[in-house]
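Report on one structure; see the data block that follows.
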Amino acid sequence: MDLPAEDAKLVTLARSSRARLQVAQGAAVRDLDGRTYTAATVHLDTLRVSALDLAVAMAVSSGAKGLEAAALVTEGDVPVGLDSVIEFGGAGVTVVVADPAGAVDTVLST
């Protein structure tokens, strides 16, 4: 599936985050100003945060006013939680879900 260049960039960034830390998921989001934020899954004994939730939190904590798009790279059949994207980004945010090789599995919209 051909993605717009800016969405393909999000997939690349999410893949890099995932691969760098060798975790199950990597994510990237683009805010309304075009800035990107990347994150990977966090699994500590006392803290568990999905990659997508953490990328949204990084955007929020950096002063972003909303989201334009997101990408999640994940292995296996893992449920995709969009609650933080919906709450912060509202309707119309494109969410690309891809496998570790970057092949697009699904394109969702909030």
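Overview of values
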item: Area of LYS9 that stays accessible when all protein chains are in place (1.4 Å probe, Å², to 10); result: 90 Å²
item: Protein accessible area in the chain, 1.4 Å probe - carbon and sulfur %; result: 52 percent
item: Approximate spin-label separation SER62-ASP33, in nm, with each point projected 7 Å along Cα-to-Cβ; result: 1.0 nm
item: Helix-only CD estimate at 222 nm, as mean residue ellipticity for the chain, using -39500 (n - 2.57) per DSSP H run (n ≥ 4); result: -10000 deg cm²/dmol
item: Mean separation of Cα contacts under 8 Å (6+ apart) over length of segment 1-93, as relative contact order %; result: 28 percent
item: Exposure of SER50 as accessible area (Å², to 10), given a probe of 1.4 Å and all protein chains; result: 40 Å²
item: Cα gyration tensor shape of segment 1-77, rounded if a/c is under 1.5, else prolate or oblate by comparing a/b with b/c; result: oblate
item: Two-site label geometry, GLU75 and ASP2: point separation in nm, points 7 Å out along Cα→Cβ; result: 3.1 nm
item: Potential lengthening between THR12 and ARG48 on full extension [0.36 nm per residue; Cα-Cα distance subtracted]; result: 10.6 nm
item: Candidate residues ASP7, ASP53, ASP45: accessible-area rank, largest first, probe 1.4 Å; result: ASP45, ASP53, ASP7
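The values are calculated or read from the model by the stated rules, or taken from the named source; none is laboratory data. Every value quoted in this text rests on a predicted model; they were computed, and no experiment measured them. Cβ coordinates were reconstructed from backbone atoms using ideal geometry, including for glycine residues, and neighbour counts include every protein chain displayed. We work out accessible area using only protein heavy atoms, side chains counted, and drop any ligands, DNA or RNA first. Shrake-Rupley method; radii C 1.70, N 1.55, O 1.52, S 1.80 Å.
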